[in-house]
1. Of the conditions (1) of a type in the set (A, V, I, L, M); (2) without any contact (Cβ under 8 Å) to a residue 40 or more places away in the chain; (3) more than 30 Å from Ser211 (Cα to Cα), Val101 clears all except one; give me its number.
2. Might you check whether a residue that is over 30 Å from Leu188 (Cα atoms), in contact (Cβ under 8 Å) with a residue 40 or more places away in the chain and among the small types (Gly, Ala, Ser) occurs anywhere in region 78-88?
3. In a loop (DSSP other than H, G, I, E, B), surrounded by 15 or more Cβ atoms within 10 Å (Cβ to Cβ) and hydrophobic (A, V, I, L, M, F, W, C): does that describe Met68?
4. In the list Asp61, Asp10, Asp38, Asp18, which residue meets the criterion of being without any contact (Cβ under 8 Å) to a residue 12 or more places away in the chain and part of a loop (DSSP other than H, G, I, E, B)?
5. Is one or more of the residues making up region 31-51 touching a helix residue (DSSP H, G or I) at 6+ places or on another chain (Cβ under 7 Å) and either within 19 Å of Ala201 (Cα to Cα) or of a type in the set (Val, Ile, Thr) (or both)?
6. Given the condition over 18 Å from the mean Cα position of the chain (by Cα) and closer than 19 Å to Glu218 by Cα, answer yes or no: does some residue in region 25-33 qualify?
7. Can you list residue pairs whose Cβ atoms sit under 9 Å apart, with the first residue in region 108-121 being part of a loop (DSSP other than H, G, I, E, B) and at pLDDT 95 or above and the second being exposed (fewer than 12 other Cβ atoms within 10 Å of the Cβ) and aliphatic (A, V, I, L, M)? Count only pairs 6 or more apart in sequence or on different chains.
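The values are calculated or read from the model by the stated rules, or taken from the named source; none is laboratory data. Worth saying up front: this structure is predicted, and the values here are computed from it rather than measured. Quick reminder, even Gly has a Cβ in these numbers, built from the backbone with ideal geometry, and neighbours come from all protein chains shown.
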Amino acid sequence: MAVKLPCPQDITVLHVDDALLVLDKPSNLLSVPGRGPDKQDCLSARVQRHYPDALIVHRLDMATSGIMVMARGPAVQRTLSKAFADRQVHKRYVAVVSGTVKAPAQDWGLIDLPIAVDWPRRPLRIIDPINGKPSMTRWRSLGPHNASATLQATRLELEPVTGRSHQLRVHLQAIGHPILGDRLYAPLEVQDRAPRLLLHASTLSCTHPVSGQTLHFESTPPPELFGVVRNHFATK
């Protein structure tokens, strides 16, 4: 049963045991502290006030909401970090993107475009066929969001095969369907169609680092993730 951490802007705990925590991160919250005193409020700091042994093993972008896992202690942190590096942790996301995305001939489509740091504009990323690292994202359509004849959007389910920074955002922008509300990669008119990035980490499956049990967690996208799109369309 999900419980609430008694801290500002409550963080939902989807699972807790002696080895790990599974959390539901809200949008507009850093995963770890940034540089400067104004960037110290973050998921890890809030959780560590109540679970001092909790350690980060992966991150979500500040604007992305959804499932995150934290290890309880260095030994479990090493085990889970290796599982992420070896692609033994399986994650899926839901997003709302600009335009009409036709379903692939197969159930899932694949975006296979190498990603590199955009050094003049870091921390942004770019598609770079020469210097980029291999980057793959599986996707499938969950249906259209066509509340307007002129402003169309599509719901997608996304499965990152690799785990590059900003991978989903860069890949979707590269194929001409940026995520609504993306302040880093979308053009202004697409940014303005939502008050937040419409990207949510919805499922995560992994092997328990101690018991070996297969774990599966789900997080329902917050209502504003999809509802705001319809409402915004209605005002156009």
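1. Going through (1) of a type in the set (A, V, I, L, M); (2) without any contact (Cβ under 8 Å) to a residue 40 or more places away in the chain; (3) more than 30 Å from Ser211 (Cα to Cα) one by one, Val101 breaks only (2).
2. So in region 78-88, the residues over 30 Å from Leu188 (Cα atoms) come out as 78-88.
From what's left, in contact (Cβ under 8 Å) with a residue 40 or more places away in the chain: 79-80, 83-84, 87-88.
Narrowing the set further to residues that are among the small types (Gly, Ala, Ser) leaves 83.
Yes, region 78-88 contains at least one residue that is over 30 Å from Leu188 (Cα atoms), in contact (Cβ under 8 Å) with a residue 40 or more places away in the chain and among the small types (Gly, Ala, Ser).
3. Criteria not met by Met68.
4. Result of the check over Asp61, Asp10, Asp38, Asp18: Asp10.
5. Narrowing region 31-51 to residues touching a helix residue (DSSP H, G or I) at 6+ places or on another chain (Cβ under 7 Å): 31-33.
If we keep only those that are either within 19 Å of Ala201 (Cα to Cα) or of a type in the set (Val, Ile, Thr) (or both) too, we end up with 31-32.
So far as region 31-51 goes, yes, one or more of its residues are touching a helix residue (DSSP H, G or I) at 6+ places or on another chain (Cβ under 7 Å) and either within 19 Å of Ala201 (Cα to Cα) or of a type in the set (Val, Ile, Thr) (or both).
6. Quick first cut of region 25-33, residues over 18 Å from the mean Cα position of the chain (by Cα) only: none.
Within region 25-33 (the criterion being over 18 Å from the mean Cα position of the chain (by Cα) and closer than 19 Å to Glu218 by Cα), the answer is no, since none of the residues qualifies.
7. Pro114/Ile130
Residues are listed down the side, and each one gets a yes or a no for (1) in contact with a Leu (Cβ under 6 Å, 6 or more places away or on another chain); (2) more than 22 Å from Ser135 (Cβ to Cβ); (3) surrounded by 20 or more Cβ atoms within 10 Å (Cβ to Cβ):
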| residue | (1), (2), (3) |
| --- | --- |
| Val22 | yes, yes, yes |
| Arg35 | no, yes, no |
| Arg78 | no, yes, no |
| Gly99 | no, no, no |
